[in-house]
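These notes are about the structure you will find just below.
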Amino acid sequence: MTAIKLESNPPEIAKKTVAIIQITRIGDILQTCHAARLLKINHPEFETLLVARKQFVEPIRFIVDQTFDKVIELDFKSTINLTDGVKGSVKNILAQVEKINAHPISASINLSFSKTSTYLHSLIKSEHKLGPYYSQGHNKVIQDKWSQYLFSTVMRGDLNPFNLVDLFSNIVGVNKKSTHLSTEEYSKKNKNNILLHPFASQGKKMWQESKWTEVIFKLLKDNKDLNIHIAGSRQDEESYNKIINNPILENFKNKIHPMLGLPISDLYQKVDESFLFIGHDSMVSHLLSFKNVKSLTISLGTVRPQETAPYALNNYVLSPKTKCFPCFPDTKCDFYQCHADISYQAVINMATQLLGSNTISKEILKKDISAFHLNSINIDKTTVNKVGQLTFSNVIDDEKSAKSIFKDFYQIIWSYNFSELDLNLDTPKFNRETTALLKASVKSIETLYELSEFGKKYTRYILEEISNNSPNLTLIKEHSTKIDEIDRLLDVLAQADGLLGPAVDFAKVAKSNLHGDNIVKLTESAFYVYQEISTVSSILYDFMNSLGVVTSSKEANTKSVRTNI
Amino acid sequence: MNSDNTEAFKNDLLKDLNTVQKSLNEKGLLTEEDFALLLMSSILEEEG
């Protein structure tokens, strides 16, 4: 009787909880929401829990609550205080962590990659951990390949071919085929409103005010029905006044509407299909990507355009071709050449086209803008490839640069290597200058291959020595010294040819996260890292061969590496 | 904010961080409280 009763009323199975840690700023939380939305579509059976800082998550709860089942707001500001002292504050922190651990977490995923989030992740009790955390012995651990890749590449250079949302989704592990990035246009063909966000968190990422004044003046002069709404925080007021109080805008004041300090939810509600968004890479552009408001993002300074482009289709990103762009937060810069390389004439032309047609025509740009202004910029349109990754399609240049070609190669390699995603990309067109750069890189690829093969050889020697009845410790030490030398040479190689930086950087992070708890397993794991880099270099070589840039320099180069080791 | 209290907090924090470092050197393992202290130090560092 009891058995029959149980069968007819099966016990409800508790949903597995996936906790995502994102304790950085609003823009990062919004990008995390895109990835979490994909997780929900792919795995509705999981309960999703967001761990975020109160000050950043509170203003965007209206988006977050649509994506996550539960949200835990961490309030570090009130937790750490002088009244409670150090011991009391530690207790307060543990009490906050306890709120997270009250949930039975199957997997915790740290998408913040800061030291603080790494410590926090160490305190979270979960069956599986993805993304960085500290072991009990205080070693940083990053187990999964996509997190290792993210850690090794983001903010190191401009050769990362993935948008941050796609990287987050890859770490979370979702299939993106036909599940996101609607191809439908949200914005009307003819728009009579512009939401302008001419501010950024750093001066490097922000155009000077006078340029924005020119853009506003020309757009309002040429478009009688146009209204420009300027969004920003209360701290942007000084900059706002500099833009607006210019005498040339005197007759247009009734067409300019300040929206400084407006709650984010109100801003989101106000911006409808009659709006075009123009601004720097910021939280606002990520916010509007949830509606797919037509946007033109101007990337400057430290911004990696493809990495942080708003995650929506058929939008445009304008960036300079300046050699030092993108730079790093600690790079000193007095002149801001990348700001000068983007002309306000180009921005006005692009904005005018988008206001009236939702697209930017290369022909119109070439007709209306001088070659001098066009040659110094990249205009990219966001598209999606067959595996659902957000990609850039260059609007004005048919010929690709060496960096762009390598980015494509890396996109194919990493997608297959880490997720077995098969990508087919068209054979790129390139000019003589790029041919010379690619030819120079062939030699570096050969060196990378040789070095990784030497790495395999010496790790194998160590394994063979350990397997002997009486291992010779002096020999093991000698082989290990050789491996250190190989790693140093890999660093030198990456410095000499930046195009190979991503492969070397990934090897470095993977080698610092070897699997195993004894010397045999760790050495085996090191062997596989060298094997992986050897494969990467072989594929890169094959790609270069298919482009017709490989000459018969391999033999000579191989010899030179061998004499160095 | 009282600067004397801030100074005392800073000194206590440094003292406790030293204790954690010593304990890590001796035992090779960190406790939950140690991680919470390191987390707090990292938050304060981030916020300047």
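About its Cα centre, the stretch A:215-324 has a charge dipole of approximately 320 debye under the convention of +1 per Lys or Arg Cβ and -1 per Asp or Glu Cβ, with nothing else charged.
Size descriptors for the stretch A:15-172, from the alpha-carbon set: Rg then Dmax equal 15.4, 48 Å. Rg/Rh, computed from the Cα trace of chain A with Rh as the Kirkwood radius, has the value 1.01. Taking amide H positions as modeled 1.01 Å from N, with prolines and chain starts lacking one, the residues under 5 Å from A:H257 and 5 or more places away or on another chain are A:I228, A:H229, A:I230. For A:K16, the residues 5 or more places off, or on other chains, whose built amide H falls under 5 Å of its own are A:E47.
Is the C-alpha gyration tensor of the stretch A:148-273 telling us rounded, prolate or oblate? Criteria: a/c under 1.5 is rounded; beyond that, a/b larger than b/c is prolate, otherwise oblate.
It comes out prolate by the Cα gyration axes.
Cross-link partners of A:K477 among aspartates and glutamates, defined as those whose alpha carbon lies under 14 angstrom from its own and excluding same-chain residues fewer than eight positions apart: A:E464, A:E465, A:E485.
Accessible surface buried by the B/A pair amounts to about 2300 Å², both sides summed, 1.4 Å probe.
Amide H contacts under 5 Å for A:L421: A:Y416, restricted to partners 5 or more places along the chain or on a different chain, H placed in the peptide plane at 1.01 Å from N. In order along the stretch A:407-416, the phi-based Karplus estimate (6.51 cos²θ - 1.76 cosθ + 1.60, θ = phi - 60°) of 3J(HN,Hα) comes to 4, 4, 4, 5, 4, 5, 5, 5, 4, 6 Hz; Gly and Pro are listed as x.
With the other protein chains left in place, how much accessible area per residue, in square angstrom, belongs to the protein assembly as shown at a 1.4 angstrom probe? Don't skip to the answer; put the middle values down first.
On the way: 28960 Å² over 613 residues.
On a per-residue basis, 47 Å².
What's the magnitude of the charge dipole for chain B around its Cα centre, counting Lys and Arg as +1 and Asp and Glu as -1 at the beta-carbon? Answer in Debye, nearest 20. Please list the in-between numbers first.
Details: 4 positive and 11 negative charges, 45 e Å.
With only Lys, Arg, Asp and Glu charged at Cβ, the dipole is about 220 debye.
The alpha carbon centroids of the stretch A:80-133 and the stretch A:345-368 are separated by 49 Å. Candidate cross-link partners of A:K129 among the lysines, defined by an alpha-carbon separation under 17 Å and a same-chain spacing of 8 or more, comprise A:K16, A:K115, A:K140, A:K145.
At q = 0.13, 0.24, 0.26 Å⁻¹, what log₁₀ I(q)/I(0) does a Debye calculation on the Cα points of chain B give, no solvent, two decimals? Log10 I(q)/I(0), no solvent term: -0.34, -0.91, -0.99. Decide, for the stretch A:432-564, between rounded, prolate and oblate: order the square roots of the alpha carbon gyration tensor eigenvalues as a ≥ b ≥ c, take rounded if a/c falls under 1.5, and otherwise choose prolate if a/b is larger than b/c, else oblate. Prolate shape, in that a/c is at least 1.5 and a/b is the bigger ratio.
Could you tell me the convex hull volume per residue, in Å³, taken over the Cα atoms of the stretch A:193-397? It would help to have the intermediate numbers written out before the result.
Details: hull volume 26.5 nm³, N = 205.
That works out to 129 Å³ per residue.
Report, in listed order, any pair from A:K323/A:K511; A:K321/A:K386; A:K521/B:K27; A:K386/A:K407 with a Cα-Cα distance greater than 21 Å. The answer is A:K323/A:K511; A:K321/A:K386; A:K521/B:K27. Phi angles of the stretch A:53-69 translate, via the Karplus equation with coefficients 6.51, -1.76, 1.60 and θ = phi - 60°, into HN-Hα couplings of 7, 3, 5, 9, 8, 4, x, 10, 4, 5, 8, 4, 5, 7, 9, 9, 6 Hz per residue; Gly and Pro are given as x.
Our coupling estimate for the stretch A:315-332, obtained by passing each phi through the Karplus curve with A = 6.51, B = -1.76, C = 1.60 and θ = phi - 60°, is 10, 10, 10, 10, 9, x, 8, 3, 4, 7, 8, x, 9, 10, x, 8, 6, 7 Hz, Gly and Pro reported as x.
The values are calculated or read from the model by the stated rules, or taken from the named source; none is laboratory data. Treat the numbers as computed from the prediction; the structure is a model and nothing was measured. As a convention, Cβ positions derive from the backbone with ideal geometry for all residues, glycine included, and neighbour counts pool all protein chains shown. Accessible surface areas use protein heavy atoms only, side chains included; no ligands, DNA or RNA. Shrake-Rupley method; radii C 1.70, N 1.55, O 1.52, S 1.80 Å.
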